[in-house]
Amino acid sequence: GTLYNTYGFYAMYANVDRFVIDEQNLVPVKQRIELDRWIISKLQTLIEEVTAFYETFEPHRAARSIEEFVDEHLSNWYVRLSRRRFWRGEMSEDKKAAYETLHECLLVVTQLMSPVAPFFSEWMYQNLTGTLREKAIANNTPLRWNSVHLTELTRAEKQNQDKALEERMDLAQKISSMVLSIRKKENIRVRQPLQRIQVPVLD
């Protein structure tokens, strides 16, 4: 359900903005904001984990890794913090980078989940690659978007992996989660500003 809603968010705004992915003119990853670079790095780590689980015949662990990535990182953190970028009127480079980043995450997740969720992954893959197929047909170029089940398994791109950035964001997520739990315990609403938050650093 979370993945479907995340795809729905992407599809709705992409249709409004008439955004079409152009593989030849992507914003370089190193030029994207830290939030984009983090989720792309997290995606490379996911590829490594899922590939290892499939190779050791542990599809249930692969599915759990995908679920955690989609729920905790892609939907609950990346999309939530990127919403304002999609709401902007003009198609700036930052907005284009946000679309490209979310499209890449959805496309890779679709491929990684295809062995354990074959029908849903195929449906989403067809939707995500429809414009690419149309462009290939129009240009008489080889068609490589027929089915998610005919693609080669994605390999992690080490140059887009930043473990230090992943660790920093992991700390930010944990702190945010802890503050939310304290707010709930003390009956302080999320929209009510706090004067300050103190985080004890022990090491």
Being open to solvent by less than 30 Å² (accessible area, probe 1.4 Å), at pLDDT below 95 and in contact with a His (Cβ under 9 Å, 6 or more places away or on another chain) narrows LEU132, LEU128 down to just LEU128
Residue hits (segment 171-203; part of a loop (DSSP other than H, G, I, E, B) and under 21 Å from LEU35 (Cβ atoms)) are VAL190, ILE197, VAL199
Quick count over segment 26-51, residues being of a type in the set (A, V, I, L, M), open to solvent by 50 Å² or more (accessible area, probe 1.4 Å) and at pLDDT 95 or above, is 1
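Residue-wise test of (1) at pLDDT below 95; (2) open to solvent by less than 30 Å² (accessible area, probe 1.4 Å); (3) under 24 Å from LEU171 (Cα atoms); (4) assigned to a loop (DSSP other than H, G, I, E, B).
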position	(1), (2), (3), (4)
ALA14	yes, yes, no, no
VAL20	yes, no, no, yes
GLN24	yes, no, no, no
HIS73	no, yes, yes, no
VAL79	no, yes, yes, no
ARG84	yes, no, yes, no
GLY89	yes, no, no, yes
ALA98	no, yes, yes, no
GLU104	no, no, no, no
Going through segment 106-119 in order, the residues found to be outside any helix (DSSP H, G or I) and open to solvent by less than 20 Å² (accessible area, probe 1.4 Å) are SER114
So, first residue without any contact (Cβ under 8 Å) to a residue 24 or more places away in the chain in segment 79-106, second residue of a type in the set (A, V, I, L, M) and part of a helix (DSSP H, G or I), Cβ within less than 7 Å, six or more apart or across chains; the pairs are ARG85/ALA98
Counting only residues that are exposed (fewer than 12 other Cβ atoms within 10 Å of the Cβ) and touching a residue at least 60 places away in the same chain (Cβ under 8 Å), segment 160-181 contains a total of 1
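The values are calculated or read from the model by the stated rules, or taken from the named source; none is laboratory data. All values derive from a computational prediction rather than experimental measurement. Note that we place each Cβ from the backbone using ideal geometry, even for glycine, and neighbour counts take in every protein chain shown. Calculation scope for accessible area: heavy atoms of the full protein, side chains included, ligands and nucleic acids excluded. Shrake-Rupley method; radii C 1.70, N 1.55, O 1.52, S 1.80 Å.
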